[in-house]
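Everything below concerns the one structure shown next.
All of the numbers you see were taken from the coordinates with simple rules; none came from a lab. Just so it is clear, the model here is predicted, and its values are computed rather than measured. Cβ placement follows ideal geometry from the backbone for every residue including glycine, while neighbour counts extend to all protein chains displayed.
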Amino acid sequence: MTLHVTLPDGSPLELADGATVRDAAAAIGPRLAKAAIAGRVSAAGDPDVTLLVDATAPLHEGDQLSIVTLKGDDPDAADILRHTASHVMAQAILRQFPGTKYAIGPTIENGFYYDFQFAEPITEADLVRIEKEMGKVVSQNLPIERHELPVDEALAVFGAGAPGTGPSGLSLGLDQPFKVELIEDLVAAAEAGGREVPTISVYVQGDFVDLCRGPHLPSTNKLGSGTFKLTSLAGAYWRGDEQNLMLTRVYGTAFANKEELAAHLEALELARERDHRRIGRDLDLFSFHEEGPGFPFFHAKGMRIWNAIIDFWRAEHVAAGYEEIRTPQILRRELWELSGHWENYKDNMYFTEIDEQPFAVKPMNCPGGLLVYKSRRRSYRDLPLRLAELGQVHRHEMSGVLHGLFRVRYFTQDDAHIYCTPEQLEDEVRGVVRLMHHIYAAFGFSDVRIELSTRPGKSIGSDEMWERAEGTLSRVLDAEKAPGGEPLAYVLNPGDGAFYGPKIDFHIRDIMGRTWQCGTIQVDFAMPERLDITYTGADNEEHRPVMIHRALLGSIERFMGILLEHYGGNLPTWLAPVQALVIPIADRHAAYGHEVLGALRQAGIRADLDERSESMGRRIRDGQLQKVPYLLVVGDKEQEVREVAVRERGEQRGSILIDDAVDQIAGEIRERRLPAQT
RNA sequence: GCCGGCGUAGCUCAGUUGGCAGAGCAGCCGCCUUGUAAGCGGCAGGUCGGCGGUUCGACCCCGCCCGCCGGCUCCA
């Protein structure tokens, strides 16, 4: 008997009945047989479903097969490798710390982790010991075998029953309660879904058994020495639930070869250098102090960036038909009760007392903004009314989550509330979507991901209102084009809307591939109701306006952090805190240097002068480290012909006339030109 | 908030079994007057995160608190 499979290039392969993925690889060539770690298989009747299987998995007549190896950059291969690495780590930990209970150990981007319950806490110093033991497991070259067990036997293996040997030859009574819980859940899920209770797959390597879907490497020495590293230790709740037990999570990373691991570790180091907290200190932009945990202090240079951001922001908002308002930090508690914040948000709010009356520090701007709306009667002629507010809000975040400018306890939202008629809603949403893309592009973020979140389980308002609002949002997104002209892509996030209305969220992708939720557009029928705002229609009747809450950058503080990391501190010139630095070579050039400085400042360029009695090399170096885009060196030669020697972002550009340098830099700023990115 | 780690000069870090606290850079002063990424010399700088305890004696050991870092949960 024979069976036939098809390879990725379409060529057929005839194999003996019962042949495995590895047999197929061997039929192609001995080198491939050695390199094969798994197979990607599509069954004849189901070509769209591709399954990743072990190298030892049997093939079936008509299968489409592609061999997975560790050569090249097959993402499936990396995933399998890391998954096996997590098992090897668990095995090493069980050997070094007997009695440890193991929970789950999945792969993550660039690595893996495994959660454990240790009898005694371990420290980072123990990681070395674990790595050593992992090395032993690797060099023992244990075969990794898959077993399919009936539920009863699987429970006997991982349960706390008497030790022994089961029908499949596996040890019983391992006493691993997390695994038992997982198996019981698999059974419960199958029963709930009306499906047959599945067999349980486990993987065995030497003295280690784990519940796992697989696939895995064929044996432990496929993990080369020096290709994995344990990186950190952290706490993690069992199943991610705060109510559950806190387990110890061990993080690691693994690659197909030493070079890739080294490259990854180097990339981590580069990311550390891009850390906005470090850049903030080195460039003297902002600081944090024990006296105000989570409350950033902005320095003069940080405010230069801040002001560059909001000057641009303001100009764009004026152009888009917004007015700017400003509302107080502290308002009477009743307002927050009326708005629903007291009920839904008080754990994150700060409270105080004024003249024995209860007040709250604002965590959001909307209630204050609504009072502005209510300050006079509104006509349909006033609508749409677009009121923007750079509102500083305070939120009590849990101490463990604070992180530089990314997560703080006070921040400035680039907020706006648009009050409009239901008929105007669609146009207004469209306007915000366009403004959003326009603003992101100016900062150099062109990769924007959009999510539409619909009605959550717990919500207020009528079905009809929700349908209309969700319809409006999806209609806008469906009709809108991305800046490149292609249709706007978005993903649906059912049930993830705010309790008062559906929303569109905007995520920007930075140079390191991370995404950040910045913009949001939320349709709100509830707040106008609760605060009872109205407008007089053309019919002379009172009507309820619809309200849109929106932010583009989200938090100015956090956005600045994102910018700093995205550009590694080398901000586009229009955002740079110091755009040009004049460096006179010797004292006798100081007067000329001041003249150049004056010309730059006259043109609105943020320029400084470094006339310290330091060597020129030193001042160039400092200017570079401060990431000043333009260093303008002036000496005898330049002074004589009224030129400056331009050094642009580390590149010497030769000498040009002062006026030309000023024009060039001012032009770059005016056009908000972005640096070429690599 | 929870788990683990850390806290020595502005920054980066040394500090031997518990016995007078150190370096480099930054800062200040002086010299040098400079041609594209660190010129030379000197000086100053620390209640060793805070508070308690153990001890003849604590940066070092113990406890509590604060802050920071990495995660979890949460989130702009």
Exercise. Which listed residue (A:PHE351, A:LEU385, A:THR327) has the Cα farthest towards the positive end of the charge dipole for the range A:246-401, taking +1 on Lys and Arg C-beta and -1 on Asp and Glu C-beta about the Cα centre?
Worked result: A:LEU385
Exercise. How big is D, in µm² s⁻¹, for the range A:206-346 by Stokes-Einstein at 37 °C and 0.692 mPa s if Rh is the Kirkwood radius over C-alpha pairs?
Worked result: 149 µm²/s
For this session: Would you grab the residues whose amide H sits under 5 Å from the one on A:TYR237? Only those 5+ places off in sequence or on another chain, please, with H modelled 1.01 Å from N.
Result: A:LEU247
For this session: State which entries of A:LYS179/A:LYS229; A:LYS136/A:LYS229; A:LYS136/A:LYS258 exceed 23 angstrom in Cα-Cα distance in the structure shown.
Result: A:LYS179/A:LYS229
Problem set entry | Size-normalised alpha-carbon gyration radius of chain A, reference 2.2 N^0.38 Å | 1.20
Exercise. Tell me, what ³J(HN,Hα) does each residue in the range A:357-370 have, in order and in whole Hz, if you take phi through Karplus 6.51 cos²θ - 1.76 cosθ + 1.60 with θ = phi - 60° and put x for Gly and Pro?
Worked result: 10, x, 10, 9, 7, 5, x, 8, 9, 4, x, x, x, 5
For this session: Can you tell me which of A:57-64, A:605-612 comes out highest on packing, and rank the rest after it, using the mean Cβ neighbours within 10 Å?
Result: A:605-612, A:57-64
Exercise. Summing -39500 (n - 2.57) over the DSSP H runs of n ≥ 4 in chain A and dividing by its residue number, what mean residue ellipticity at 222 nm do you reach, to the nearest 500 deg cm²/dmol?
Worked result: -10500 deg cm²/dmol
For this session: Starting from the amide H of A:THR20, placed 1.01 Å from N in the peptide plane, find each other amide H under 5 Å away whose residue is 5 or more places distant or on another chain.
Result: A:LEU59
Exercise. Between A:ARG621 and A:ARG332, what length comes free when the chain is fully extended (0.36 nm per residue of separation minus the Cα-Cα distance, one decimal in nm)?
Worked result: 98.7 nm
For this session: Please report A:THR520, A:THR352, A:THR573 as a ranked list, fewest other C-beta atoms within 10 angstrom at the top and most at the bottom.
Result: A:THR352, A:THR520, A:THR573
Exercise. Normalised by the residues of chain A, what does the relative contact order come to in percent, with Cα pairs under 8 Å and at least six apart?
Worked result: 8 percent
For this session: Kindly write out, for the range A:328-337 in residue order, the coupling ³J(HN,Hα) from the Karplus curve 6.51 cos²θ - 1.76 cosθ + 1.60 (θ = phi - 60°), rounded to whole Hz, with x marking Gly and Pro.
Result: x, 6, 10, 9, 3, 4, 3, 4, 6, 6
Problem set entry | the range A:206-263 shape via C-alpha gyration tensor axes, a/c threshold 1.5 | oblate
Exercise. Once a ≥ b ≥ c are taken as the square roots of the eigenvalues of the Cα gyration tensor of the range A:68-138, is the result rounded (a/c under 1.5), prolate (a/b larger than b/c) or oblate (a/b not larger than b/c)?
Worked result: prolate
Exercise. Using mean Cβ contacts within 10 Å as the protection proxy, how do A:383-390, A:666-673 order, highest first?
Worked result: A:383-390, A:666-673
Exercise. For A:HIS299 and A:ASP175 in one chain, what is 0.36 nm times their gap in residues minus the Cα-Cα distance, to one decimal in nm?
Worked result: 38.9 nm
Exercise. Measuring from label point to label point, each 7 Å out along Cα→Cβ, what is the A:ASP447 to A:ASN307 span in nm?
Worked result: 3.4 nm
For this session: Could you go through the range A:620-635 in sequence order and give the Karplus-derived ³J(HN,Hα) for each residue, using 6.51 cos²θ - 1.76 cosθ + 1.60 with θ = phi - 60°, rounded to whole Hz, and x for Gly and Pro?
Result: 4, 4, 4, x, 5, 5, 7, 6, 7, x, 10, 9, 10, 8, 10, x
Exercise. How do A:ARG550, A:ARG430 line up, fewest other C-beta atoms within 10 Å first?
Worked result: A:ARG430, A:ARG550
For this session: Would you please name the GluC sites (Glu not before Pro) within the range A:240-277 that are DSSP coil residues with at most 13 other C-beta atoms within 10 Å of their C-beta?
Result: A:GLU242
Seminar exercise, completed: Taking placed amide H atoms and a strict 5 Å upper bound, the residues 5 or more places from A:CYS212 or on another chain that come that close are A:SER201, A:VAL202, A:TYR203
Exercise. Where does each of A:THR231, A:THR220, A:THR123 land when they are ranked from fewest to most other beta-carbon atoms within 10 angstrom?
Worked result: A:THR123, A:THR231, A:THR220
Exercise. What is the range A:1-80 by shape, rounded, prolate or oblate, if you read a ≥ b ≥ c off the alpha carbon gyration tensor as root eigenvalues and call it rounded for a/c under 1.5, prolate for a/b larger than b/c, and oblate otherwise?
Worked result: oblate
Seminar exercise, completed: Taking a crude spin-label model, label points 7 Å out from Cα along the C-beta direction, the A:ALA43 to A:ARG509 distance in nm is 3.4 nm
Exercise. By per-residue mean of other Cβ atoms within 10 Å, what is the highest-first order of A:501-508, A:597-604?
Worked result: A:501-508, A:597-604
